[in-house]
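Participant: First the structure, which I've put down as structure tokens, then a few questions once you've had a look.
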Protein chains: 6
Amino acid sequence: MATTTSLNTTTAERATHERKEPTYLFTEKHVAEKSEIARRFIETRSRLNTNVDKSDNYLVKRFYNIDHNTYLEGALPAKMKELMGLAASTVLRCDDCVFYHAIQAYRMGVTRAEQEEAINVALVVGGSIVIPHLRRAYELLEELYR
Amino acid sequence: MATTTSLNTTTAERATHERKEPTYLFTEKHVAEKSEIARRFIETRSRLNTNVDKSDNYLVKRFYNIDHNTYLEGALPAKMKELMGLAASTVLRCDDCVFYHAIQAYRMGVTRAEQEEAINVALVVGGSIVIPHLRRAYELLEELYR
Amino acid sequence: MATTTSLNTTTAERATHERKEPTYLFTEKHVAEKSEIARRFIETRSRLNTNVDKSDNYLVKRFYNIDHNTYLEGALPAKMKELMGLAASTVLRCDDCVFYHAIQAYRMGVTRAEQEEAINVALVVGGSIVIPHLRRAYELLEELYR
Amino acid sequence: MATTTSLNTTTAERATHERKEPTYLFTEKHVAEKSEIARRFIETRSRLNTNVDKSDNYLVKRFYNIDHNTYLEGALPAKMKELMGLAASTVLRCDDCVFYHAIQAYRMGVTRAEQEEAINVALVVGGSIVIPHLRRAYELLEELYR
Amino acid sequence: MATTTSLNTTTAERATHERKEPTYLFTEKHVAEKSEIARRFIETRSRLNTNVDKSDNYLVKRFYNIDHNTYLEGALPAKMKELMGLAASTVLRCDDCVFYHAIQAYRMGVTRAEQEEAINVALVVGGSIVIPHLRRAYELLEELYR
Amino acid sequence: MATTTSLNTTTAERATHERKEPTYLFTEKHVAEKSEIARRFIETRSRLNTNVDKSDNYLVKRFYNIDHNTYLEGALPAKMKELMGLAASTVLRCDDCVFYHAIQAYRMGVTRAEQEEAINVALVVGGSIVIPHLRRAYELLEELYR
């Protein structure tokens, strides 16, 4: 049996997990061309974000920034954090958030089977109320992975 | 740019992800000796589950079974699915579920930094309402990883 | 196949569903003597409600009144509405509310198997996050129905 | 005052509650012809489920199966369990789930007044945030029960 | 340091907070002419409410009445209670409720900066899952305050 | 009827809403001496936060910082934002968060009647599921405002 010390992360070790941007295999443009659902989501989100940006709200900008930082490469691979965001979004039943994380995960090279397993965690944790969102997520996956 | 086809998982490939039990580095007994919070959680849960088992409710038993199957090794490592369960439980603000998944993840060798990153995803997705649960999770992590 | 008209309820028919208080087979006192969990719940609730009553807040009093009226005998038997309150409380994961409705249902003569089925609906709708609450509900049921 | 023992359900008694399929007064086709809202819901759900079925995900299939079993005739009439599913779905504010259970309940012969009372439980338990979903549910009820 | 007694509100003082209707600077019609999003929301809500009214459900009517009374002038200005309703609706992620309270607040003369700050409270309390709703709220604010 | 332009906030005007720390009428120490519930809450929170601070997690620290900034004086008085935090926390049913905001509001001179009205908004928005939290909040208010 391993000693638990080996699982701890000292401040020194932590410094080695420098946050850095993940590598994307696919651009948003590529995704939008592949999937009509993704295209509509990306365009609406972009149009509405322009509006939010224009308001130049200090706290919103800081929140967007911290949100961005959460999913960078770190102690955990960015891919896995996107799938955690996907599971969390699915149990909270937010279609836009589900689409966002599923697309991000796809762009980083996550396989369909991996996406389905993350959604399964959400289904079992969150129950049948999750099913309508699972259905819409599968429709997106179908378009992305064809 | 890679072709998207490579991300898809055919039925054939999927068969290679046979579900199997994860490998635990630590027993529940070990965990209970290390952390008083874990010990109390494990004992209460065990006592109450005895009660549930006694009722012999068919659907509850089936649900427990499907729940167990969700976190086996598969397309995703069991560890990562425990962390997805942790993130989902944290945004749904269920202390018992947070303790359960944090302990499971610990037993499978997940590091403290990895646990913290999964909780960070939950904090940003779920907001400040998550903080009281994060505080209690950190108290457990402190005991587990000392 | 029946004509759908027969399922409709005219205003005239509706008048026949006069709201009236349900019949209780057991008093709160009886329940408190039978179950220690119920006793503690009933006493704490009563003590805190005294405090709320003292504040004499107009809207709170009106809300309590409408809440009371919701569970009277009507188009549906009071028993069944208590079980709907139980299912709704369980998916919203409110232990106090679960205890309240399970005790009410018990006092009206609902069987343990009926309570378990209502909780099963909640388990499947609400997912594994419901399990810690189900465990505590079963502990109460064990004391009430022994 | 009755003895509480009479409310308990022994294993023997429980065996008499064999789960069986409920009797439907109306087919989905009939419902779709009667209500445009129901028709759109049923068609979209069916189209998306085809997609989910195609993915042949083992855990999803098991979850769908357990979900199906939850609402069969048992200790409680299937009708009442559909109304519990309706109340739980309404407090969780899932339009698709509300439509699903309201249609199921209608197909089993539940009256409009009964549906309204189940929704009232949800309104009082879940608060004004439920109102937009109540409005949409009433629109469906209006079409189903005309 | 002040004595705490001064913060308490005696029954006598409370009587001075008579509930009265707030003063609106703008009519719903004005709002509907100014913003297409508001117009669609107001029309749909009005159409569906007609339907609810027709059902003449006693409990629903009482709930609507208590809901109305909650936001009248009182110990707190009606404006501030609309913003509290806005913050609560945003963390519960109900677009219809967000639109309703943002429009009400606008009609009472709340500024855009005040609306944004109420939404910021919701963003931080409720997390990134709130963002899709914040985006849609900002789209409405853009139309209302241009 | 006023012109809507007057409700808009130009960038210039916005600069006048400089964020600054609110003025507290009472210290945490004073509150802890007055209310046993507050004392226990403040001590537990402080003890657990020490633990969180020790972990020195970059994202958690940033989130705590943005959280702090949200409730400073701005376009809206800090008091009112605390009450918005209270309403949002109450509908999300987080006792710790309810206690935190009720204590903060008290320290800034918010009256009991104002706190009750904020909680009323939460009760009506969030429904009867809020009642157990309302009861515990009233117990705290009783101690703070005696």
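What follows draws every value from the coordinates through simple rules; no lab data is involved. Given the structure is predicted, the values throughout are model-derived calculations rather than measurements. Positions of Cβ are generated from backbone atoms using ideal geometry, with glycine treated the same way; all protein chains shown enter the neighbour counts.
Participant: Counting only other residues whose beta carbon sits under 12 Å from that of residue F:36, what net charge do I get with K and R as +1, D and E as -1?
Facilitator: On the way: positive: F:34, F:39, F:40, F:146; negative: F:33, F:43, F:139, F:142, F:143.
With Lys, Arg at +1 and Asp, Glu at -1, the net is -1.
Participant: Considering only the other residues whose Cβ falls under 9 Å of the Cβ of residue D:110, what net charge follows from Lys and Arg at +1 and Asp and Glu at -1?
Facilitator: Details: positive: D:79, D:107, D:112; negative: D:82, D:114.
My count for the surroundings of residue D:110 gives +1.
Participant: Shielding of F:24-36 by partners, i.e. mean partner chain Cβ atoms within 10 Å per residue?
Facilitator: Details: counts 1, 6, 4, 1, 0, 0, 2, 1, 0, 0, 1, 0, 0.
Going residue by residue through F:24-36 and averaging, the value is 1.
Participant: Another one. Could you list C:56, B:95 in order of exposure, starting from the residue whose Cβ has the fewest other Cβ atoms within 10 Å? Before the final figure, lay out the partial values.
Facilitator: Details: C:56 10, B:95 16.
Exposure proxy ranking, most exposed first: C:56, B:95.
Participant: How compact and how long is the protein assembly as shown, expressed as Rg and Dmax of its alpha-carbon atoms in Å?
Facilitator: Looking at the protein assembly as shown, its Cα Rg and Dmax stand at 26.5, 78 Å.
Participant: Can you list, shortest first and in nm, the gaps between the label point of residue B:21 and those of its counterparts in the other copies, using a point 7 Å from Cα in the C-beta direction?
Facilitator: Ordered by increasing distance: 3.9, 4.6, 5.7, 5.7, 7.1 nm.
Participant: List nothing, just return the count: lysine pairs in the range A:22-144, 8 or more apart or interchain, with Cα separation under 27 Å.
Facilitator: 8
Participant: A further question on this structure: Using only Cα atoms, figure out Rg for the range C:45-146 and give it as a multiple of 2.2 N^0.38 Å.
Facilitator: Computed over Cα atoms of the range C:45-146, the ratio equals 1.13.
Participant: Which residue of chain C is nearest the rotation axis onto chain F, counting by its Cβ, and what is the distance in whole Å?
Facilitator: Checking which Cβ lies nearest the axis yields C:93, 5.
Participant: With the crude spin-label approximation of a point 7 Å out along Cα→Cβ, what separation in nm comes out for residue F:49 versus residue A:23?
Facilitator: 4.3 nm
Participant: Under the Karplus relation 6.51 cos²θ - 1.76 cosθ + 1.60, θ = phi - 60°, what is the ordered set of whole-Hz ³J(HN,Hα) values for the range E:133-146, x standing for Gly and Pro?
Facilitator: 6, 4, 4, 5, 5, 5, 4, 5, 4, 4, 6, 5, 9, 7
Participant: Moving to a separate point now. Round to a whole angstrom and tell me the spacing of the C-alpha centers of the range E:78-146 and the range C:99-128.
Facilitator: If we compute the Cα centre of each part, the gap is 37 Å.
Participant: Separate question: How large is ³J(HN,Hα), in whole Hz, for each residue of the range E:117-124 in order, when computed from phi with the Karplus curve 6.51 cos²θ - 1.76 cosθ + 1.60 and θ = phi - 60°, using x for Gly and Pro?
Facilitator: Using θ = phi - 60°, the values come out as 5, 5, 5, 4, 4, 5, 4, 6 Hz.
Participant: If one takes the longest principal axis of the Cα atoms in chain D, at what angle in degrees, from 0 to 90 and to the nearest 10, does the Cα axis of helix D:58-70 lie?
Facilitator: Helix D:58-70 sits at roughly 60 degrees to that axis.
Participant: Rounded to whole Hz and in sequence order, give me ³J(HN,Hα) for the range C:19-36 from the Karplus expression 6.51 cos²θ - 1.76 cosθ + 1.60, θ = phi - 60°, writing x for Gly and Pro.
Facilitator: 5, 9, 4, x, 8, 9, 7, 10, 7, 4, 4, 4, 4, 5, 6, 7, 10, 5
Participant: From the label point of residue C:95, set 7 Å from Cα along Cα→Cβ, how far away are the matching label points in the other copies, in nm, ordered shortest to longest?
Facilitator: 0.8, 0.8, 3.7, 3.7, 3.7
Participant: So what is the calculated 222 nm ellipticity per residue for the protein assembly as shown, using -39500 (n - 2.57) for each DSSP H run with n of 4 or more, over all residues, to the nearest 500 deg cm²/dmol?
Facilitator: Working: 48 runs with 606 residues, N = 876.
One gets -22000 deg cm²/dmol as the mean residue ellipticity at 222 nm.
Participant: Residues of B:66-79, mean number of Cβ from any other protein chain within 10 Å of their own Cβ, rounded to a whole number?
Facilitator: Values: counts 10, 5, 1, 5, 11, 4, 2, 0, 7, 10, 12, 2, 0, 1.
That works out to 5 on average.
Participant: Please report, in whole Å, how far the alpha carbons of the range E:96-146 spread along each principal axis, starting with the longest.
Facilitator: Reported extents, whole Å, longest axis first: 27, 18, 16.
Participant: Every other copy gets compared here: list the nm distances from the residue C:43 label point (7 Å along Cα to Cβ) to its counterparts, shortest first, one decimal.
Facilitator: Copy-to-copy label distances for residue C:43: 2.3, 2.3, 6.1, 6.2, 6.6 nm.
Participant: Just want the ordering: B:146, A:135, from fewest to most Cβ atoms lying within 10 Å of their own Cβ. Please report the intermediate quantities before stating the final value.
Facilitator: Working: B:146 11, A:135 18.
Taking fewest neighbouring Cβ atoms as first place, the list is B:146, A:135.
Participant: Oh, and also: To the nearest 20 debye, what charge dipole does the range D:84-146 have about its Cα centre, counting +1 at the Cβ of each Lys and Arg and -1 at the Cβ of each Asp and Glu? Intermediate values should be presented prior to the final figure.
Facilitator: Values: 6 positive and 8 negative charges, 8 e Å.
That gives the range D:84-146 a dipole magnitude of about 40 debye.
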